[in-house]
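Provided herewith is a single structure, encoded as structure tokens, for subsequent inquiry.
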Amino acid sequence: MKYMTGNEIRNTWLKFFENKGHLVEKGASLIPNDDPTLLWMNSGVAALKKYFDGRIVPKNPRIVNVQKCIRTNDIENVGNTSRHHTFFEMLGNFSIGDYFRDEALDYAFEILTSDEYFGFDLDKLYFTIYPKDLESKEKWLSLGVPEDRIIPTDDQNFWEIGEGPCGPCTEIFFDRGPKYGDFGVDTIRKDIENDRYVEIWNIVFSQFNATKDLDRDHYPELPNKNIDTGGGLERFVSVIQGAETNFETDLFMPIINKISEISNVEYTGQKEFKIIADHIRTVTMAVADGAMMSNEGRGYVLRRLLRRAVKHGKQLKIERPFLVDLVDVVINMMKDFYPYVEEKEEIIKKIITSEENKFLETLLSGEKKFLEIVENIDSKQISGSEAFLLYDTYGFPIELTSEYAEEKGLTVDVEGFKAEMEKQKDRARNARTDVQSMSAQNEAYLDFTEKSKFVGYDTLIEKTKIIKVFEEGLVLKKTPFYATSGGQAADTGLIYNEDIKLHVYDVEKLPNGQFLHRTEEKLCKDLEGKTVVASVDEEVRHLTEYNHSATHLMFFALREVLGKHVSQQGSQVNKDGLRFDFNHYEAVTDEQILQVEKMVKDMIKESYVAHTKIVTVAEAKKLGAIAEFGEKYDDLVRMIDLKYTLDLCGGTHVKDILDIKDFAIKSVSSIGSGIYRVEGVTNKAVESLSDSLEGINQDIDNLKDKANKIIEKAVKENIKLSFDGNIKVEKLGSYQDVLNKRILLHDTQTQVKELEKAYNKAKEEMALESITDFSNITYGNKIIGTVENIIGNALKQMVDDLASELDDGFVLLASVLQDKVIFVCKSNNLKFNAGKMVKEAAIICGGNGGGRPDFAQAGGKDPAKVQDAINRIKELVL
């Protein structure tokens, strides 16, 4: 086995399978496109789901890739084991209905054992199989694998995740020798964690369709049998380079050496180095792919990783921001295989620097919170929930909290902390949908290969033939109907002749590229072969085109205003409007949105005939064309020129950008993880923008209703109030309409609050005037008792007024309001703590609360026990 660098291993893998007729497919972004089941791209096959479940037939059924992945389900293991990582790369080769077991194992044996490739010693390899998969056993034997190296296991050698494609698998392990433990092959058979036998490759024979309520032995076979393999690059590199762990390889050591230089600490295997090196790789590559920091979703994952790296840096006595210094190292290591990473250097550094500085400030806040907890502690132990608060909110590792506690002569409830951690993990597990089963293959769709042509770029009406009828819809020989694709909604319209009239409500692509037209009417096989006219709804198509072309122009404007790092994260256009998702690392201001809107409005004031051209991907990129988010392209692509922007796009567009007529942004919102969503309208829809702001308009109407109800009550109680609910705003057909409506909403909210305040104040004054005699609850310079139906603010005022007239006095009043009770206390005597008094009273009434020693408020849920509470306070005070 010869020494190879990580990059040489990647390229050897790709070249070997390319020579075996495989298409080298570029690895997908770490941010999954159009797959809500995934937080991150987490396996080599995840990006190829559409091929495996039969939604799309690939151009070449043989595919090879190197796929970037992120998994964070066992983040605590990183640095504590030899092989756990949050970011890793999967080497994969795949067959979609082409070759199967024999060739897959031929290829595996050759690339692993041939000196021309990896050159593993066969004596160091072990091969696991599913016990009933005798074909794999026979194949390995025929290739020269000794029988004692073939190990039948149990369930771990059958790949199955829910319903859909599944099948047996064979795993390949490398024996690193007794230096890494006195383990036998039973360690492999029983799947026992160890450092001696390293699994380097898994080959899945996806041949069955897992079906609910059926035993595995009775699963039906798939119409297309597939091969899905995955080998961890980090493990291959570790074995080939003879490293102690995955971290002592050229994939990590340059980062570790830089950490050593920064910290002035020699690396001898400490987990802190491994954690920092792992996490900075993940953060750098994720941000390069458009991920952003946030408090939810993938943004939360990144923030947690970055903060974890900073905390472990502090344990190496690194007190300054340092992660940005590691970015250059990561980029230098990755740029040969992932050239785009170097282009994102500026934005990666900007985001990491900002986030690290903010977190260091948070750590300072955490120290203050720690001191606050210590000052208010009732025992000699910091509770598990308090330790978890310091960990989760302020970034304090439990070790740091324990160290601080020891300095103060305190201990920490570590078991309680662990329990809180488990609760968090449970919440994360419940929220996470990292892996989902694939959809079942539709054999009828896969078998249908007759050609169909889309003619909708040039015409909206076509005389054609129905060539296939499925239960779900029909296929035409030629069709002007656009199928849902690239974020553009499908056309609607009619398919008709003298005898039939079918209303098309949706169109979708079949695996072999034909368009399936779904109709409101039930279909029958007799329609096959019929000549019909296919007619697209012209108004719907044009409205959709206005919105689609405007989306491209808006994307250009966003990049001009916010920066070239802005990339598309999803979009949707239809007849009603446009929706566009993009990434950005900080809040988008109203001024920036108005600037974007104005740019688009200005662009569409002058005529420019849109041009389309079919070019190669290389030619398009050379011309500066921008690709659609997450799209995979054929060798030839359709490029649209809208004067200001040149884009790869298969959708339909306006003939002239002047046709759009008008454009307005309707809303801008954060949808999490540094991703923003813009919604807009075009053409005539702009005129009614102000009236279409359903959410804001409804909120304003609700506030007006609330104000009117307050006025009605006030009139009945002889309270004079007024409210002006007839303020109007000018309609401008712009995002400014949205801002003006927000201002109106804010002004209305303010008016209603003032109205409520005035009403409550009037009620308080009436209540205060009705109670003038406190003699029956006065005890020298102390007043303790109950009053009826005095609301919170009035009760506070009453207590404050009474206490101001008592020298060194004490006042505690309880007010019963229907099904609850409020306690307010003011103490001018240091001997009686107001906070503790109201808490004592509230607990008796099934509540809680507290406050300052001189003034406090609390509440209870059981008014029936209010006298018990008052009696208890009398016992303590009198």
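The values are calculated or read from the model by the stated rules, or taken from the named source; none is laboratory data. What you see is a predicted model, and the numbers here were worked out from it, not measured in a lab. Every residue, glycine among them, receives a Cβ derived from its backbone with ideal geometry; neighbour counts consider all protein chains shown. Accessible surface is based on the protein model in full, side chains and every heavy atom, while ligands, DNA and RNA are left aside. Shrake-Rupley method; radii C 1.70, N 1.55, O 1.52, S 1.80 Å.
Hey, if you put +1 on the Cβ of every Lys and Arg and -1 on every Asp and Glu Cβ in the chain, which of T268, T72, V185 ends up farthest toward the positive end of that dipole?
T72
Could you rank the peptides 748-759, 184-195 by their average count of other C-beta atoms within 10 Å per residue, with the highest value first? It would help to have the intermediate numbers written out before the result.
Values: 748-759: 15.4, 184-195: 13.3.
Order by mean packing, descending: 748-759, 184-195.
Determine the per residue accessible area of the range 222-290 with all protein chains present and a 1.4 angstrom probe, expressed in square angstrom.
Details: 1860 Å² over 69 residues.
Accessible area per residue, the range 222-290: 27 Å².
What is the Rg over Rh value, at two decimals, for the range 481-593, using alpha-carbon atoms and the Kirkwood definition of Rh? Show your work: numbers first, answer last.
Working: Rg = 18.9 Å, Rh = 16.5 Å.
Dividing the radius of gyration by the Kirkwood radius yields 1.14.
What helices does the chain have that are whole DSSP H segments, at least 30 Å long along their own axis by Cα, and with mean Kyte-Doolittle hydropathy of 1.6 or more? Numbers along the way, then the final one.
Working: long enough: 345-375 (45 Å, -0.22); 538-562 (35 Å, -0.20); 694-716 (33 Å, -0.95); 735-770 (52 Å, -0.97).
Sorted by number, there is nothing, because no helix extends far enough and scores high enough.
Would you mind computing the Rg to Rh ratio of the range 1-107 from its alpha-carbon coordinates, Kirkwood style for Rh? Mind dumping the intermediate values first?
Values: Rg = 15.3 Å, Rh = 15.3 Å.
A ratio of 1.00.
So if I place +1 on the C-beta of Lys and Arg and -1 on the C-beta of Asp and Glu, and nothing else carries charge, what would the dipole magnitude of the chain be about its Cα centre? I want it in debye, nearest 20. Walk me through the intermediate numbers first.
Numbers: 114 positive and 147 negative charges, 257 e Å.
Around 1240 debye, computed over the chain.
Would you tally the net charge around Y267, using a Cβ to Cβ cut-off of less than 13 Å, leaving Y267 out, and scoring K and R as +1, D and E as -1?
Result for the local shell: -2.
Right, next: Given 25 °C and 0.890 mPa s, how large is the Stokes-Einstein diffusion coefficient of the range 231-365 in µm²/s, with Rh as the Kirkwood radius over Cα pairs? Working shown, then result.
On the way: Rh = 15.2 Å.
Approximately 161 µm²/s, per Stokes-Einstein.
I need the phi-derived Karplus couplings for the range 169-182: 6.51 cos²θ - 1.76 cosθ + 1.60, θ = phi - 60°, integer Hz, Gly and Pro marked x.
With the stated coefficients, the range 169-182 comes to 9, 10, 10, 10, 10, 10, 8, 7, x, x, 4, 9, x, 8 Hz.
Pop out the ³J(HN,Hα) list for the range 648-654 in order, Karplus 6.51 cos²θ - 1.76 cosθ + 1.60 with θ = phi - 60°, rounded to Hz; leave Gly and Pro as x.
Per residue, the Karplus-derived 3J(HN,Hα) values read 7, 7, x, x, 9, 9, 5 Hz.
Give or take rounding to whole Å, what are the principal axis extents of the alpha carbon atoms in the range 221-299, in descending order?
60, 39, 18
Give, in whole angstrom and from largest to smallest, the semi-axes √(5λ) of the equivalent ellipsoid of the chain, with λ running over the eigenvalues of the Cα gyration tensor.
On the way: eigenvalues 671, 379, 140 Å².
Taking √(5λ) for each Cα gyration eigenvalue gives 58, 44, 26 Å.
Kindly report, to the nearest 10 Å², the accessible surface of E343 as traced by a 1.4 Å probe over protein heavy atoms only.
Ignoring ligands and nucleic acids, E343 comes out at about 150 Å².
Still on this structure, I have one more. Which of the lysines could a cross-linker bridge to K525, judged by Cα under 26 Å and excluding same-chain residues fewer than eight apart?
Hits, sequence-local ones excluded: K451, K453, K463, K465, K468, K477, K478, K501, K509.
Post the alpha-carbon centroid distance, the range 220-238 to the range 308-336, in whole angstrom.
33 Å
Determine the equivalent ellipsoid of the range 259-325 by diagonalising the alpha-carbon gyration tensor, then write out the semi-axes as square roots of 5 times the eigenvalues, largest first, rounded to whole Å. Don't jump to the answer; show the numbers that get you there.
Details: eigenvalues 106, 24, 21 Å².
Those come to 23, 11, 10 Å.
May I pose another question? Given a Förster distance of 51 Å, report the FRET efficiency between E375 and D773 from their Cβ-Cβ distance, rounded to the nearest 0.05.
Details: r = 42 Å, r/R0 = 0.83.
With R0 = 51 Å, the Cβ-Cβ based efficiency is 0.75.
Right, another one. If the viscosity is 0.890 mPa s and the temperature 25 °C, what Stokes-Einstein diffusion coefficient in µm²/s follows for the range 551-608 when Rh is the Kirkwood radius over Cα pairs?
Numbers: Rh = 12.2 Å.
It diffuses with D of about 201 µm²/s by this estimate.
Another question about this same structure. Looking at V475, T492, Y608, which one has the Cα that reaches farthest to the positive end of the dipole of the chain (charges on Cβ: Lys, Arg +1; Asp, Glu -1)?
Y608
Right, something else. Order 97-103, 302-308 from most to least packed using the mean count of other Cβ atoms within 10 Å. Working shown, then result.
Working: 97-103: 17.1, 302-308: 22.1.
Result, highest mean first: 302-308, 97-103.
Return the FRET efficiency for the residue pair K358, D182: r is the Cβ-Cβ distance, R0 is 56 Å, and the value is rounded to the nearest 0.05. Working shown, then result.
On the way: r = 49 Å, r/R0 = 0.87.
Computed FRET efficiency for K358 and D182: 0.70.
What is the calculated FRET efficiency for E163 to S688, with r their C-beta to C-beta distance and R₀ = 56 Å, to the nearest 0.05?
On the way: r = 46 Å, r/R0 = 0.82.
It comes out at approximately 0.75.
How much length, in nm to one decimal, is gained on full extension between L876 and E538, taken as 0.36 nm per residue of separation minus their Cα-Cα distance? Don't skip to the end; give the middle numbers.
Details: separation 338, 0.36 × 338 = 121.68 nm, distance 8.32 nm.
Contour length minus the Cα-Cα distance gives 113.4 nm.
Show me 829-838, 80-89 ranked by packing, highest mean number of other Cβ atoms within 10 Å first.
Details: 829-838: 18.8, 80-89: 20.7.
By packing density, highest mean first, the sequence is 80-89, 829-838.
Any chance you could list P(r) for the range 550-650, counting all Cα-Cα pairs in 5 angstrom bins from zero, rounded to whole %?
2, 11, 21, 23, 22, 13, 5, 2, 0
Give the dimensionless ratio obtained when the Cα radius of gyration of the range 131-202 is divided by 2.2 N^0.38 Å.
Details: Rg = 13.4 Å, N = 72, 2.2 N^0.38 = 11.2 Å.
Against the empirical 2.2 N^0.38 Å value, I get 1.20 for the range 131-202.
Could you work out [θ]222 nm for the chain from helices alone, using -39500 (n - 2.57) per DSSP H run of at least four and dividing by all its residues? Round to the nearest 500 deg cm²/dmol.
Numbers: 24 runs with 329 residues, N = 878.
Result for the chain, helices only: -12000 deg cm²/dmol.
Right, another one. For the range 740-831, what does the accessible surface come to per residue with a 1.4 Å probe? Please give it in Å². Kindly include the intermediate steps, with their values, before the conclusion.
Values: 5020 Å² over 92 residues.
Result: 55 Å² per residue.
On the accessible surface of the chain, probed at 1.4 Å, how many percent belong to carbon and sulfur atoms?
Numbers: 19230 of 41220 Å².
C and S fraction of accessible area: 47 percent.
Can I ask one more? What number do you get for the range 653-742 when its Cα radius of gyration is normalised by 2.2 N^0.38 Å, N = residues? Walk me through the numbers before you get to the answer.
Values: Rg = 18.9 Å, N = 90, 2.2 N^0.38 = 12.2 Å.
Normalised Rg, Cα atoms only: 1.55.
Here's a follow-up. Among the aspartates and glutamates, which have Cα under 15 Å from the Cα of K706 when same-chain residues fewer than 8 positions away are ignored?
Filter leaves D724, D747, E754, E756.
Can you tell me the dipole magnitude for the range 281-356 around its Cα centre, using point charges on the Cβ only (Lys, Arg +1; Asp, Glu -1), in Debye to the nearest 20?
Working: 14 positive and 12 negative charges, 109 e Å.
So the magnitude is around 520 debye.
Another question, then. Stick to Cα atoms and the Kirkwood definition of Rh, then tell me Rg/Rh for the range 323-416. Working shown, then result.
Numbers: Rg = 19.0 Å, Rh = 15.6 Å.
Here Rg/Rh amounts to 1.22.
Net charge around D581, counting only other residues with Cβ within less than 11 Å of its Cβ (Lys, Arg = +1; Asp, Glu = -1)? If you can, show how the numbers build up before the last one.
Values: positive: R579, R677; negative: E679.
Once all neighbours under 11 Å are counted, the net charge is +1.
Show which aspartates and glutamates lie in cross-link reach of K212 when reach means a straight Cα distance below 13 angstrom and same-chain residues fewer than eight apart are skipped.
E160, E163
Follow-up. What residue among L623, M4, G167 has its Cα farthest toward the positive end of the dipole of the chain, where the charges are +1 on Lys, Arg and -1 on Asp, Glu, each on the Cβ?
Working it through, the farthest residue towards the positive pole turns out to be L623.
In nm², what is the average projected area of the convex hull enclosing the Cα atoms of the range 774-868?
Working: hull surface 21.0 nm².
Mean shadow area of the hull around the Cα atoms is 5.3 nm².
On to the next question. Dipole of the range 513-626, Cα-centred, from +1 at each Lys and Arg C-beta and -1 at each Asp and Glu C-beta, to the nearest 20 debye?
Details: 15 positive and 18 negative charges, 95 e Å.
Taking the Cα centre of the range 513-626 as origin, the dipole is about 460 debye.
Continuing with the same structure: Please give the length that would be gained between L623 and D215 if that part of the chain were fully extended, namely 0.36 nm times their separation in residues minus their C-alpha to C-alpha distance (nm, one decimal).
Values: separation 408, 0.36 × 408 = 146.88 nm, distance 5.58 nm.
That pair, L623 and D215, stretches by 141.3 nm at full extension.
What whole-number distance in Å separates the alpha-carbon centres of the range 758-801 and the range 495-563?
Each part's Cα centre sits 71 Å from the other's.
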